[in-house]
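Peer 1: Attaching a single structure in structure tokens format; questions to follow.
What follows is calculated from the coordinates using simple rules that are stated; it is not laboratory data. From a predicted model like this one, the values you see are computed outputs, not experimental measurements. Methodologically, a virtual Cβ is constructed for each residue, glycine included, from the backbone with ideal geometry; neighbour enumeration extends over all protein chains shown.
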Amino acid sequence: VHEFGIAQEVMKIVHERAQSHGGGRVTALRLSVGEMSGVEPEALRFALEVCSRETSAEGMSVEINKTPARAQCADCRAEWHFGPDSVECPKCGGTKIAIQGGDDLRVDSFDLE
Ligand SMILES: [Zn+2]
């Protein structure tokens, strides 16, 4: 995963939205990153810091939320928090599962000053 490319995209979204709110300094940014997306929060935080230098978002605080992936069993419809250690249905041991979420990246909100 290329955290710098993601950070550039994120900053583009933030600057566009900031402009549509009349501009100003961005002081805080909150993101949600799916835990299955392969994005390293610390690497992304660093990339955002670099990408925001000499912009109106320089020095902003960054909060990164990890959103979990959910798995559902195709046989018994049980749902659980999907992870490398839980690829089988905890209820019936089935391996026919559907995975939802956990691979997305979202700008939740940011603060303007
Ligand atoms: Zn099951």
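Peer 1: For a quick check of your reading of the filter: which GluC sites (Glu not before Pro) in region 21-80 sit in a DSSP loop and have no more than 16 other Cβ atoms within 10 Å?
Peer 2: Counting only loop positions with at most 16 other Cβ atoms within 10 Å, the GluC sites (Glu not before Pro) in region 21-80 are 54, 58.
Peer 1: So, in nm, how far is label residue 108 from label residue 20 when the simple model puts each one 7 Å beyond its Cα toward the Cβ?
Peer 2: According to this spin-label approximation, the distance is 2.1 nm.
Peer 1: Another question about this same structure. Once R0 is set to 25 Å, what does the formula 1/(1 + (r/R0)^6) return for the Cβ-Cβ distance between residue 40 and residue 92, expressed as a FRET efficiency to the nearest 0.05?
Peer 2: That pair, residue 40 with residue 92, gives E of 0.15.
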